[in-house]
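Chemist: Sharing a structure below in structure tokens format, with a few things to ask.
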Amino acid sequence: MQAPNVYDADPIPAEALAEIERLFTNGDLFRYTSEDAPVALLEQEFAALMGSKYALAVASCSAALFLSLKALGLPRGARVLIPAFTFAAVPSAVVHADCTPVLVEVAENYRIDLADFEAKLAAGAEAVLISHMRGHTSDMDAILALAEAHGVPVIEDAAHSLGTLWHGRRIGTLGKVGCFSFQSYKMVNAGEGGILVTDDDDLIARAVIMSGAYEHNWKKHPVVQARFAHWQNRLPLYNTRLSNLAAAVIRPQLALLEERVRKGRANHDYVAARLNTSPALHVPPPLPGETRAPDSIQFNLRGLTAAQADAFARAAKARGVSVQIFGRSSDNARAFWNWRFLAEVPELPKTRAMLMNACDVRLPARLTRDELDVIAGALLDAAEEATGGVPDAA
Ligand SMILES: *Cc1c(COP(=O)(O)O)cnc(C)c1O
């Protein structure tokens, strides 16, 4: 049996097509031409799903992160803590919001190093942006308590964490504001799109206006209106709204979420158990209290030399399975040393060591048990081949 193509997207539910036909007939693609536009309905449905007071749909998760920082009213140059293991779009959103990203070390288990977090918080930060990279949740109890003790707001980048729970609470609803992505490689695929959720009256009013609710378009948001009049004409309009077409594609997928999460987790845990039978491969377990919603698997190479790591990736590829070792593929957007647009790229030995051994394989929820076995078997065989069956002691 051949390795499955893990890059193919899932089909979009047929209901979306009927709605798109309706939108094509009346041409109503702009969210503010009617009050019950698909984008407005998506916001209501998403807020209800998350148990949040407010939701604002925008062009991308990056736009949601940018607007969150702007809506917090941070001063120019404000220091924003972010994990050093994330996608380049995250430090970019901080730079875009005229703030200064401060990179925090990430441990071998892909979670934020709390000692470094605490030290950098104590050294001075105006906000914390927790990126749950690849859906891995850091210790949010500790992070929220430390941020609160320092009086610093927490933004959650939950782009890749839709459906993840922390002690039964939804990731993205723990901080002051949570941001999600509807880009194609996330749990809900609209090609592009993002959404933020919050319970904060003032933050949502500011974010709605800045997203491009010019003049009195904010009246079409069925949320508390008092703060809007206050901010009228006092904020820039960044025009990063979502189109009704994207909302039509997203809405029917929300009903599929729980099933995708359940299957994705089962797939991940099945492959993880098989990979952990190899002394050369290690899948870090979830933190206690974390219920994951993975659509990919990350694992560390253990005791392999650089040459063996490259041989492992080649041997997996020869068996039809693409493995990305974050720190070893050139120009990788998730390797912090490639973020040369930053004023200063710090040296972070812990995160660097992790990235040099951390592997990434997509594992979409639709895969069958047989397909998972092909992937797991290929990775195990590749590890055996690369190490000659006997990895060096770590
Ligand atoms: C995908 C992703 C983003 C960016 O989302 P966009 O909607 O493409 O802007 C940010 N952070 C993480 C962790 C992501 O996985």
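The values are calculated or read from the model by the stated rules, or taken from the named source; none is laboratory data. Just so we're clear, the structure is a prediction, and the values are computed from it rather than from any experiment. Cβ atoms come from the backbone with ideal geometry, glycine included; neighbour counts cover every protein chain shown. Please note that ligands, DNA and RNA were not included when accessible areas were found on the heavy atoms of the full protein model with its side chains. Shrake-Rupley method; radii C 1.70, N 1.55, O 1.52, S 1.80 Å.
Chemist: Pop a pseudo-label 7 angstrom from the Cα along the beta-carbon direction at both residue 26 and residue 347 and give the gap in nm to one decimal.
Modeler: 6.2 nm
Chemist: Another question, then. Whole number in Å², please: accessible area per residue of segment 257-387, 1.4 Å probe, ligands, DNA and RNA not counted.
Modeler: 43 Å²
Chemist: Here is a follow-up. Ignoring everything except DSSP H segments at least 4 long, calculate the 222 nm mean residue ellipticity for the chain; use -39,500 (n - 2.57) per segment, divide by total residues, nearest 500. Walk me through the numbers before you get to the answer.
Modeler: Working: 13 runs with 153 residues, N = 394.
Calculated mean residue ellipticity at 222 nm is -12000 deg cm²/dmol.
Chemist: Starting from the Cα of residue 259, step 7 Å along the direction of its Cβ; do the same at residue 34; then give the gap between the two resulting points in nm.
Modeler: 2.8 nm
Chemist: For the chain, what % of the accessible area comes from carbon and sulfur atoms, probe 1.4 Å?
Modeler: The value for the chain is 52 percent carbon and sulfur by accessible area.
Chemist: Taking every pair of Cα atoms in segment 14-254, average 1/r, invert it to obtain the Kirkwood radius, and report Rg/Rh to two decimals.
Modeler: Dividing the radius of gyration by the Kirkwood radius yields 0.97.
Chemist: Identify which of 269, 370, 28 has the largest mean-square fluctuation in a Gaussian network model of the chain, with springs joining Cα atoms closer than 10 Å.
Modeler: 370
Chemist: Moving to a separate point now. Quote the relative contact order of the chain in percent (integer), defining contacts as alpha-carbon pairs under 8 Å separated by 6+ residues.
Modeler: Normalised by residue count, the contact order of the chain is 20 percent.
Chemist: I've got another one for you. Between 273, 48, 123, find the one with the highest GNM mean-square fluctuation for the chain; connect C-alpha pairs within less than 10 Å.
Modeler: The residue with the greatest mean-square fluctuation here is 123.
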